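Chemist: Have a look at this one.
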Amino acid sequence: QDGRSSFIGHQLGGVMEVPNSKDQRVKSARAIQITYYLQTYGSVTQDLIGEKWESEFCKLMHEMQLDHQDLQLYSLASFSLWKDFHQTSLLARGKILVSLMLILLTATLSSSMKDCLRSKPFLGLLGVLTICISSVTAAGIFFITDGKYNSTLLGIPFFAMGHGTKGVFELLSGWRRTRENLPFKDRVADAYSDVMVSYTMTSSLYFIAFGMGASPFTNIEAVKVFCQNMCVSILLNYFYIFSFFGSCLVFAGQLEQNRYHSIFCCKIPSAEYLDRKPVWFQTMMNDGHQHTSHHETNPYQHHFIQHFLREHYNEWITNIYVKPFVVILYLIYASFSFMGCLQINDGANIINLLASESPSVSYALIQQKYFSNYSPVIGFYIYEPLEYWNGTVQEDLKTLSQGFNTVSWIEQYYQYLRVGNISATNKSDFISILQSSFLKKPEFQHFKNDIIFSKAGDENNIIASRLYLVARTSENTQREAVELLEKLRPLSLIQSIKFIVFNPTFVFMDHYGLSVTMPVLISGFGILLVLILTFFLVIHPLGNFWLILSVTSIELGVLGLMTLWNVDMDCISILCLIYTLNFAIDHCAPLLYTFVLATEHTRTQCIKNSLQEHGTAILQNVSSFLIGLVPLLFVPSNLTFTLFKCLLLAGSCTLLHCFVILPVFLTFFPPSKKHHKKKKRAKRKEREEIECIEIQENPDHVTAV
């Protein structure tokens, strides 16, 4: 139009060339990309009008698509990415409530028993509600301090629930390990002393990991905001469990001591009275008296998970014929994890963070399909007065734009001067010809919006200008666009020409300009440093050693497997990897420390006792955690799908290590239990010698010994 000459290579997609043409003439194109620049002047009113115009434009495109079924129309406006990013939180509201109901149901059922006196369904329910209250409190603090909600914060309820319910179920397990003949206050005190030390340690490590993620060393702002909120949630979780749930445990203990029904809160009748009642009444009011024999010391062993672990699973996993298959399974797990770690992809693709059915995703997919041979159009903005007529400045501008296809008033103007054999070597001639001749031509009038003039007296100045750059790329457009950013940004600081480069997609690409794994490395380093520093402060250093190995194995497993599952290293996956470090410690630490401190004769017996002591809480927590993730599958958003994949792998790998890998490997490797056996034999021998001496001195007392 109007004889205008411009580069449009990046605007044509699916191009077919005329066969045997020397100058590469275009025969046809499957797609065309048109860009409109909406003019505003920076005022609030103009921004509102512009946003309204864009909204109407997108509606019009949608209507035109319905009217013209033979065409495929896709539109993207400046607010589209923001709108579609926040759409995830709207789509996920109902599903999060379903997740909460599933977790409540799972916690309630897993805390129940047939024994109506010792069953604790309400404690499981109240434990989950305790975490919900602490999460709501943390959210309130966030909004009071002018926090801005975004869709990445959807992960906080799941992260907080995974850690908080672990403390709840451990307290319940600690209560079951106490002696029934003690007063309920002493039982609560014993449960706290047994559980809260390890829970305090794991909560501290959560705080350290997410605190490091919120530090200035983290280069992703979304990760910083998330980690700050997570630190507040963990702190409140700890105090709510310590206080509110502890009070609920005291109340439940008092009801149990006074023989009240765990659900109906009524007095449980005597065994003689129950024998005269119907079967349904006996079932509802059964306190386990018919199962309890005179030599049974712990009626809580009838809990279905404890019974399954004690009677079936412990014997099976420690069977000598099962162990070779477990070793083979771990080698397969390690090989797939290592293979995945070698294929990690930086998640610079904006599709991973948007709702699946959104217009932005449809637009991005079509753009990647047809226009992947060129980078996005990069705005190159010179924001200070410049001597454009100076030969040196002209050479600098050529150097900066070298390798790019440019849509530039500067190049067109220089060519116009050369063709017309016009000299413009000083400021007055350069600006005079530019305003009075060049910009008046119909084919160059569209450049008026690319130059900002100012007038001081009779003298005109160019205070700012812009041009557009397009780079030829391969199919991996996103990665190469990030590399372009990494090359251009430093030049803006070094060169004498002051400029900035921008494209709307850079908002997402900026997350990955530096090392994308930096937050994970920082958090992992913080945790490992704490574990190493406390290596000689714990009762048994091998506990820390095994914990470091287990956490490393789980973290690398999740990292490798999520890569094989087509999960890129984006903001959500980074946060999930930070969480995996702590989730692994949460579940492996009690199991490992119980094992290394056990005094049984054999390693096999020690691991059986460890699983019997902590296996119930681990299984309860991980099953509640994984069941709560299921509704995320039905949210039509790539962000929640990434969250589901990463957390599913974190829970599954942790469960695999706690119940399969560690129980087998700990029977092969240190710590040895022989010294415990020698000590017990020495004590038994000493006791036998003392008894023999007593018998020899006074044989009449043999029957009394």
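The values are calculated or read from the model by the stated rules, or taken from the named source; none is laboratory data. Being a predicted model, the structure only gives us computed values, none of them experimental. Every residue, glycine among them, receives a Cβ derived from its backbone with ideal geometry; neighbour counts consider all protein chains shown. All accessible areas refer to the heavy atoms of the entire protein, side chains included, with ligands and DNA or RNA removed. Shrake-Rupley method; radii C 1.70, N 1.55, O 1.52, S 1.80 Å.
Chemist: For the range 92-125, which positions are open to solvent by less than 60 Å² (accessible area, probe 1.4 Å) and under 30 Å from residue 62 (Cα atoms)? Spell out the reasoning first.
Modeler: Just the residues of the range 92-125 that are open to solvent by less than 60 Å² (accessible area, probe 1.4 Å), to begin with: 92, 94, 96, 99-100, 102-104, 106-108, 110-113, 115-121, 123-125.
If the condition is that a residue be open to solvent by less than 60 Å² (accessible area, probe 1.4 Å) and under 30 Å from residue 62 (Cα atoms), then 92, 94 are the ones that fit.
Chemist: Please enumerate the residues belonging to the range 539-557 that are open to solvent by 30 Å² or more (accessible area, probe 1.4 Å) and either assigned to a helix (DSSP H, G or I) or of a type in the set (Lys, Arg) (or both). Quick ask: steps written out before the conclusion?
Modeler: Taking the range 539-557 and keeping what is open to solvent by 30 Å² or more (accessible area, probe 1.4 Å), we get 539-542, 545, 548-549, 552, 556.
Result: 541, 542, 545, 548, 549, 552, 556.
Chemist: Same structure, new question: Tally the residues that are on the phi > 0 side of the Ramachandran plot and surrounded by fewer than 12 Cβ atoms within 10 Å (Cβ to Cβ), restricting the search to the range 9-61.
Modeler: Kept after step one, since they are on the phi > 0 side of the Ramachandran plot, are these residues of the range 9-61: 14, 20, 24, 42.
Right, trim to surrounded by fewer than 12 Cβ atoms within 10 Å (Cβ to Cβ) and you get 20, 24, 42.
Result for the range 9-61: 3.
Chemist: Exactly one condition in (1) touching a His at 6+ places or on another chain (Cβ under 9 Å); (2) in a strand (DSSP E or B) is not met by residue 114; state its number.
Modeler: Of (1) touching a His at 6+ places or on another chain (Cβ under 9 Å); (2) in a strand (DSSP E or B), only one is false for residue 114: (2).
Chemist: While we're on this one: For residue 182, are the conditions met, namely being over 31 Å from the mean Cα position of the chain (by Cα) and free of Cβ contacts under 8 Å to residues at least 40 places away in the same chain? Steps first, please.
Modeler: On the way: over 31 Å from the mean Cα position of the chain (by Cα): yes; free of Cβ contacts under 8 Å to residues at least 40 places away in the same chain: yes.
Against the criterion (over 31 Å from the mean Cα position of the chain (by Cα) and free of Cβ contacts under 8 Å to residues at least 40 places away in the same chain), residue 182 qualifies.
Chemist: Sticking with this structure for a sec: What pairs come up if the first residue lies in the range 226-255 and is in contact (Cβ under 8 Å) with a residue 60 or more places away in the chain, the second is part of a helix (DSSP H, G or I) and open to solvent by 50 Å² or more (accessible area, probe 1.4 Å), and their beta carbons are under 6 Å apart, counting only those six or more places apart or on different chains?
Modeler: Going by the 6 Å Cβ cut-off, the qualifying pairs are 232/141; 234/207; 248/126.
Chemist: Same structure, new question: When the residues of the range 316-374 are filtered to those that are aromatic (Phe, Trp, Tyr) and touching a Lys or Arg at 6+ places or on another chain (Cβ under 9 Å), which remaining residue is modelled with the lowest pLDDT?
Modeler: Let us first name the residues in the range 316-374 that are aromatic (Phe, Trp, Tyr), namely 316, 321, 325, 330, 333, 336, 338, 363, 370-371, 374.
Restricting the remaining residues to those that are touching a Lys or Arg at 6+ places or on another chain (Cβ under 9 Å) gives 370, 374.
Details: 370: 87, 374: 79.
The qualifying residue modelled with the lowest pLDDT is 374.
Chemist: Still on this model: Checking residue 217 against (1) part of a loop (DSSP other than H, G, I, E, B); (2) touching an Asp or Glu at 6+ places or on another chain (Cβ under 8 Å), only one condition comes out false. Which one?
Modeler: (2)
Chemist: Which of the residues belonging to the range 371-400 are open to solvent by 20 Å² or more (accessible area, probe 1.4 Å), among the hydroxyl-bearing types (Ser, Thr, Tyr) and under 40 Å from the mean Cα position of the chain (by Cα)?
Modeler: Matches in the range 371-400: 374, 381, 383.
Chemist: Sticking with this one: Anything in the range 186-223 that is buried (at least 22 other Cβ atoms within 10 Å of the Cβ) and either without any contact (Cβ under 8 Å) to a residue 24 or more places away in the chain or charged (D, E, K, R) (or both)? List them, or say none.
Modeler: 187
Chemist: Additional query: Is there a residue being open to solvent by 30 Å² or more (accessible area, probe 1.4 Å), at pLDDT 70 or above, of a type in the set (A, V, I, L, M) and assigned to a helix (DSSP H, G or I) anywhere in the range 287-307?
Modeler: The answer is no, given that none of the residues of the range 287-307 is open to solvent by 30 Å² or more (accessible area, probe 1.4 Å), at pLDDT 70 or above, of a type in the set (A, V, I, L, M) and assigned to a helix (DSSP H, G or I).
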